[in-house]
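The values are calculated or read from the model by the stated rules, or taken from the named source; none is laboratory data. Predicted, not measured: the structure shown is a model, and the values here were computed from it. Methodologically, a virtual Cβ is constructed for each residue, glycine included, from the backbone with ideal geometry; neighbour enumeration extends over all protein chains shown. Accessible surface areas use protein heavy atoms only, side chains included; no ligands, DNA or RNA. Shrake-Rupley method; radii C 1.70, N 1.55, O 1.52, S 1.80 Å.
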Amino acid sequence: MTRASPWWDRHVYADRKPFLKARGRITASFRQFFGSEGFDEVETAALAVSGGNEAHISLFAVELIGADGEKSRLYLHSSPEFACKKLLAAGEEKIFAFAKVFRNRERSALHHPEFTMLEWYRVRESVSRLMEDCAGLLTVAAKAVGTDSFVWRGRVADPFAEPEVLTVCEAFDRYANLNLAALLDDRDGFARAAARDGVRVTPDDGWSDIFSKVLGEKVEHRLGCGRATILTDYPASEAALARPRQDDPRFSERFELFICGVEVANGFGELTDPFEQRRRFDEENHAHERLYGESYPVDEDFLAALAVMPPASGIALGFDRLVMLAAGATQIEQVLWTPVPERGEQGI
């Protein structure tokens, strides 16, 4: 079998170079944007006691050897979120970070085991302010690379158009013909309704599993076409680290940004209740253990910081994905300076 040329092959690299140049221009423009908004750029450690506690995220474990030879386990973080929130607890109010993050079991045209997450946080500001940031950054990225359209697999979005704001319930009604609000406490009814619409549901699928399948198969690829879509008001069971809506606790202050059918960013009105956060971590760990046969420790220091963290909103944006869409790349590796080798890849 013929081995593909490595990323550093001169011809391969020459093809990738325009995308990498675009990446640099977008990075510089984003730093200017955040600087003009009064943000401080922070750097977070990649090694952590817990790299994250989400059911569908697998971590990289590493061994730490102390000066006395004592060994302990740490993890490469899957997001700088825990560290950034500790900085908010310490007194920071407007921060952003370009962080290298790591997720195992992930590799595709849109996924890479090591990638760049852009996160930013605003203390005592609402998620609507983050939505405004998202719209502003799309125009900044487009201007940086001189384009008037983002493109992905035949789908096109205007980065200068005002994003559509759509609730999850509205999206499920429009694209899956499902009344999600009526099914929030009805796993079996949800399963039957999804199956009628052609979604394969297995007996061991929980409510959240069915939600993810319908979202992935019926909804996501239709979002962000023509213009960006901001999908809001996720059910409380899908809140992750977001707080419940005060006016309707069945839903959360969580939104996602979609462009050309691609999920680009995930924003929260941040949960600051350490007891509720621990409960959610436990649930996620149990789900991860059921799926993958492993679980991860909880960062107790993070929960302690959460108890004193001020009200805030924060968002994580997949920077490589945004660069892909703005620059017209088709694979995430095209916009990475030095991609992680495939399994078994080696030199002469």
Could you calculate the contour length gain from Val165 to Asp68, that is, 0.36 nm times the residue separation minus the distance between their Cα atoms, to one decimal place in nm? 29.4 nm
At what distance in nm do the modelled label points of Ser5 and Arg129 sit from each other, each positioned 7 Å from its Cα along Cα→Cβ? 4.9 nm
Pull up all non-local amide H partners of Ser58: gap of 5 or more, or a different chain, and H-to-H distance under 5 Å with H placed in the peptide plane. Asn104
Below 8 Å, C-alpha to C-alpha, sequence gap of six or more: please give me the relative contact order for the chain in percent. 22 percent
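If you roll a 1.4 Å probe over the heavy atoms of the protein chains, what accessible area per residue do you get for segment 122-169, in Å²?
Each residue of segment 122-169 exposes 45 Å² on average to a 1.4 Å probe.
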Rounded, prolate or oblate (a/c below 1.5 giving rounded, otherwise prolate when a/b exceeds b/c) for segment 209-327 by Cα gyration tensor: prolate
What is the distance, in nm, between label points placed 7 Å from the Cα along the Cα-to-Cβ direction at Ala307 and at Gln246? 2.4 nm
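Give me the percent relative contact order of segment 1-138, please, defined on Cα pairs under 8 angstrom at least 6 residues apart. Can you show the working numbers first?
Working: 159 pairs, mean separation 27.7, N = 138.
Computed value for segment 1-138: 20 percent relative contact order.
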Of all GluC sites (Glu not before Pro) in segment 44-77, which ones are in loop regions per DSSP and have a Cβ with at most 13 other Cβ atoms within 10 Å? Glu70
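State which helices in the chain qualify, where a helix is a whole DSSP H run, it must extend 18 Å or more along its own axis by its Cα atoms, and its mean Kyte-Doolittle hydropathy must be at least -1.0. Walk me through the numbers before you get to the answer.
Details: long enough: 10-36 (39 Å, -0.64); 127-145 (28 Å, 0.96); 274-292 (26 Å, -2.14).
Qualifying helices: 10-36, 127-145.
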Give me the net charge of Arg16's neighbourhood, meaning all other residues with Cβ under 13 Å from the Cβ of Arg16; Lys, Arg count +1, Asp, Glu -1. 0
What dipole magnitude, in Debye to the nearest 20, does the chain give about its Cα centre under +1 on Lys/Arg Cβ and -1 on Asp/Glu Cβ? 1240 debye
Can you list residues from other chains, or at least 5 along the same chain, whose modelled amide H is less than 5 Å from the amide H of Asp40? Lys94, Ile95, Phe96
Comparing Gly198, Gly314, Gly66 in a Gaussian network model of the chain (Cα, 10 Å), the one with the largest mean-square fluctuation is Gly66
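Only bridges whose two residues both fall in the chain count here: according to DSSP, what percent of them are antiparallel, nearest 5?
Here the share of antiparallel DSSP bridges comes out near 85 percent.
Given only helices, namely DSSP H runs of n ≥ 4 each adding -39500 (n - 2.57), what is the per-residue ellipticity at 222 nm of the chain, to the nearest 500 deg cm²/dmol? Intermediate values should be presented prior to the final figure.
Working: 9 runs with 118 residues, N = 348.
Computed ellipticity for the chain at 222 nm equals -11000 deg cm²/dmol.
Per 0.36 nm of contour for each residue apart, how much would the distance between Gln331 and Glu106 grow if the chain were fully extended, relative to their Cα-Cα spacing?
On the way: separation 225, 0.36 × 225 = 81.00 nm, distance 1.37 nm.
Answer, rounded to one decimal: 79.6 nm.
Ignoring any ligand, DNA or RNA, what whole percent of the accessible area of the chain comes from carbon and sulfur when the probe is 1.4 angstrom?
49 percent
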Rounded Å value of the spacing that divides the Cα centres of segment 285-344 and segment 97-165: 14 Å
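Among rounded, prolate and oblate, which fits segment 70-210 when a ≥ b ≥ c are the square roots of the eigenvalues of its C-alpha gyration tensor, a/c under 1.5 means rounded, and a/b larger than b/c means prolate? Working shown, then result.
On the way: a/c = 1.67, a/b = 1.25, b/c = 1.34.
Note, shape of segment 70-210 comes out oblate.
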Extension gain (nm, one decimal) between Thr338 and Lys17, 0.36 nm per residue minus Cα-Cα: 114.4 nm
So which trypsin sites (Lys or Arg not before Pro) in segment 289-348 pass both tests, a DSSP loop state and at most 13 other Cβ atoms within 10 Å of the Cβ? Arg343
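Highest mean first, what order results for 114-123, 129-138, 38-47, 276-285 on Cβ atoms within 10 Å? Can you show the working numbers first?
Details: 114-123: 22.1, 129-138: 19.1, 38-47: 14.3, 276-285: 16.8.
Answer by packing, highest mean first, reads 114-123, 129-138, 276-285, 38-47.
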Cα centre as origin, Lys/Arg/Asp/Glu Cβ charges: segment 159-277 dipole, Debye: 400 debye
Straight-line reach check, Lys100, cutoff 26 Å on alpha carbons, 8 or more apart in-chain or any other chain, hits among lysines -> Lys17, Lys21, Lys71, Lys85, Lys86, Lys143
Choice from Phe19, Phe251, Phe60 with maximal GNM fluctuation in the chain (Cα, 10 Å cutoff): Phe60
Summing +1 per Lys or Arg and -1 per Asp or Glu among the other residues with Cβ less than 12 Å from Ala305's Cβ gives -4
Given a 10 angstrom Cα cut-off, can you work out which residue in Ile332, Ile230, Ile65 is the most mobile in a GNM of the chain? Ile65
In segment 237-348, with Lys and Arg counted as +1 and Asp and Glu as -1 at Cβ, which of these residues, His288, Ala327, Val340, has the Cα nearest the positive end of the dipole, that is, farthest along it? Ala327
